[in-house]
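So the structure is just underneath, and the comments pick up after that.
We did not get these values from a lab; they are worked out from the coordinates using the rules stated. Not measured: the values here are computed from a predicted model. Cβ coordinates were reconstructed from backbone atoms using ideal geometry, including for glycine residues, and neighbour counts include every protein chain displayed.
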Amino acid sequence: MNELEQELRSVLRRVEPPPGFAARVVARTPSHSRGWVAAGMAACLLLSAGGFGYRQYEGRKAKDELLLAIGIAGSKLNIAQKKVFDLSQRTIHE
């Protein structure tokens, strides 16, 4: 690990806040701002849930497309196998 990586790791390491930190922050926040904070948190939660739902949708869509492609490839393979079998039967009987 180079020096820059070590420095970044030390600067970005997780540090636990002192006891009572959250309570002090809330106490210093004006009461009219708390509504905006709650609204912002709700918006973040909704966006996160929406992003998760979209990823689920995209995953299902990709799975369906893959299954369709496998089905098409399988049917084409069956056609090719039948032609090979028919050709081999003609060769044997002639």
For mean projected area of the Cα convex hull in nm², with candidates (i) 6.3; (ii) 7.1; (iii) 14.3, the value calculated from the shown model is option (iii)
Among L77, L12, L68, the residue with the largest mean-square fluctuation in a Gaussian network model of the chain built from Cα contacts under 10 Å is L12
So the FRET efficiency between S75 and S48, C-beta based with R0 = 30 Å and rounded to 0.05, is 0.15
